[in-house]
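Undergrad: Pasting a structure below so you can have a look.
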Amino acid sequence: MKTMLHIDTYLKSRSQLIEEHLTRLIPEKEVPYHTLFSAARYSLMGGGKRLRPILALATTETLGGDIDTALTAACALELIHTYSLIHDDLPCMDNDDFRRGKLTLHKVYPEGHAVLTGDFLLTHAFDLIANDTELTTDQRLQLIKTLSKHAGGNGMIAGQVLDIQSEGKQIDLERLRLIHRCKTGAMITASIEFGGILSNATELEMQILRRFGEEIGLAFQIVDDILDVTASKEKHGRLVPSDLTNHKVTYVTLLGLEESQVAAQTLFQSACEQLSALSVDPALLISLADVLVHRKI
Ligand code: GRG
């Protein structure tokens with residue numbers, strides 16, 4: 001109970017820090033194309049748990065780094081995440097009308113504008129890192145390499161392509177695991193790796209963090225599959241699971257609810273065990289992993 005209270009306070013304070021910084025990073029502008037910035041702020045400031053930047057900051061502080069120095073790079077992860085949600089909601093993809101209880105961007109602005117807002121956030125994330133004078137040149141380069149790897153054609157975008165190709169088809173567990181690892185897990189792993197880079201972690205520490213990120217990332221998406229069934233009403237405002245409506249194979253449709261819960265729990269435990277090889281106290285990262293895997297929404 002004490003740990004839960006502590007982690008709740010931590011999440012709230014980091015989330016506030018991130019939101020204040022995001023507001024500064026994407027200001028309203030008095031330019032003829034000002035709607036681009038208003039649209040970006042609509043999606044970026046529209047709620048969300050801020051899990052990816054929080055993971056980056058928590059990893060940074062666990063390894064003795066400075067979170068103020070890490071803040072812009074951590075926020076770049078949220079820009080990429082937001083772009084992926086804007087594009088995922090489009091009529092040509094999942095065609096969703098609501099996100100986080102608000103109308104999706106293409107329902108508020110013309111569809112082409114929503115596409116371009118996603119493009120802007122994607123581009124701007126790299127711009128922010130490249131020009132972050134708080135960081136060393138080597139850190140900037142490592143962050144850009146990590147982000148392009150995990151968000152790119154062998155990471156999140158690959159996951160989305162595989163996801164689209166698999167719709168309405170019967171796929172096996174190995175293929176589903178690949179989709180989950182790429183589509184969701186890659187950006188979670190990137191967030192943890194960001195923390196390693198921002199705290200100048202050793203190669204050995206980076207390997208430990210990467211394995212932790214991969215296992216937590218997969219567990220996070222398995223839990224998303226579970227919540228799609230068990231918390232459909234709270235999560236989506238409807239009773240029918242969205243994955244069923246979208247004819248998607250999930251951990252739950254392949255393994256059932258109980259075995260999916262066991263799979264997520266096994267990954268959680270294994271991920272936490274990885275951290276015992278670090279020479280620093282991993283309690284904060286373990287608490288965060290616990291929040292990710294045992295969340296209710
Ligand atoms: C369009 C290139 C492209 C990629 C889209 C991330 C993604 C790939 C699609 C989003 C759809 C989805 C439900 C993915 C599963 C990952 C997931 C659970 C995303 C939601 O992340 P949270 O829970 O969201 O961190 P908040 O709203 O808290 O930011």
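The values are calculated or read from the model by the stated rules, or taken from the named source; none is laboratory data. Here the structure is a predicted model, which is why all the values come from computation and not from measurement. Because the Cβ atoms are built from the backbone with ideal geometry, glycine has one as well, and the counts that use them run over all protein chains shown. These accessible areas exclude ligands, DNA and RNA; they are computed on the full protein's heavy atoms, side chains included. Shrake-Rupley method; radii C 1.70, N 1.55, O 1.52, S 1.80 Å.
Undergrad: Once fully extended, how much extra length lies between residue 164 and residue 134, figured as 0.36 nm per residue of separation less the alpha-carbon to alpha-carbon distance? Walk me through the numbers before you get to the answer.
TA: Working: separation 30, 0.36 × 30 = 10.80 nm, distance 3.92 nm.
Full extension of this stretch gives 6.9 nm more.
Undergrad: In the chain, how many lysine pairs have Cα atoms under 15 Å apart, counting only pairs 8 or more places apart or on different chains?
TA: So the count of such lysine pairs works out to 10.
Undergrad: Oh, and also: What's the FRET efficiency of residue 24 with residue 123 using the Cβ-Cβ distance as r and R₀ = 25 Å, to the nearest 0.05?
TA: Details: r = 18 Å, r/R0 = 0.73.
Given R0 = 25 Å and the Cβ-Cβ separation, E is 0.85.
Undergrad: Leaving out ligands, DNA and RNA, what percent of the accessible area of the chain is carbon and sulfur, probe 1.4 Å? Don't jump to the answer; show the numbers that get you there.
TA: On the way: 7690 of 13890 Å².
Here it works out to 55 percent.
Undergrad: Dipole magnitude of segment 2-209 about its Cα centre, charges +1 at Lys/Arg Cβ and -1 at Asp/Glu Cβ only, in debye to the nearest 20? Intermediate values should be presented prior to the final figure.
TA: Working: 21 positive and 27 negative charges, 84 e Å.
Its charge dipole is roughly 400 debye.
Undergrad: Taking amide H atoms as placed 1.01 Å from N in the peptide plane, list the residues 5 or more away in sequence, or in a different chain, whose amide H sits under 5 Å from that of residue 98.
TA: 104
Undergrad: Now for a separate question. So if I average 1/r over every pair of distinct C-alpha atoms in segment 37-92 and take the inverse, what Kirkwood radius in Å does that give?
TA: Numbers: mean 1/r = 0.0815 Å⁻¹.
The answer is 12.3 Å.
Undergrad: Follow-up question, since we're still on this one. At 1.4 Å probe size, with no ligands or nucleic acids counted, give the accessible surface of residue 149 in Å², nearest ten.
TA: Its heavy atoms expose roughly 120 Å² to the probe.
Undergrad: What number comes out for accessible area per residue over segment 34-166 if the probe is 1.4 Å? Units Å², please. Mind showing how you got there, number by number?
TA: Numbers: 5350 Å² over 133 residues.
Per-residue value: 40 Å².
Undergrad: Taking a label point 7 Å from the Cα of residue 207 along the Cα→Cβ vector, which residues of segment 167-193 have an amide N closer than 18 Å to it?
TA: 193
Undergrad: Related question: In Å and on Cα atoms, what radius of gyration and Dmax does segment 1-104 show?
TA: Rg then Dmax for segment 1-104, in Å: 15.5, 52.
Undergrad: Please compute P(r) over all alpha-carbon pairs of segment 2-209, binned at 5 Å starting from zero, and give each bin as a whole-number percent.
TA: Percent of pairs per bin, in order: 1, 7, 15, 18, 19, 17, 12, 7, 3, 1, 0.
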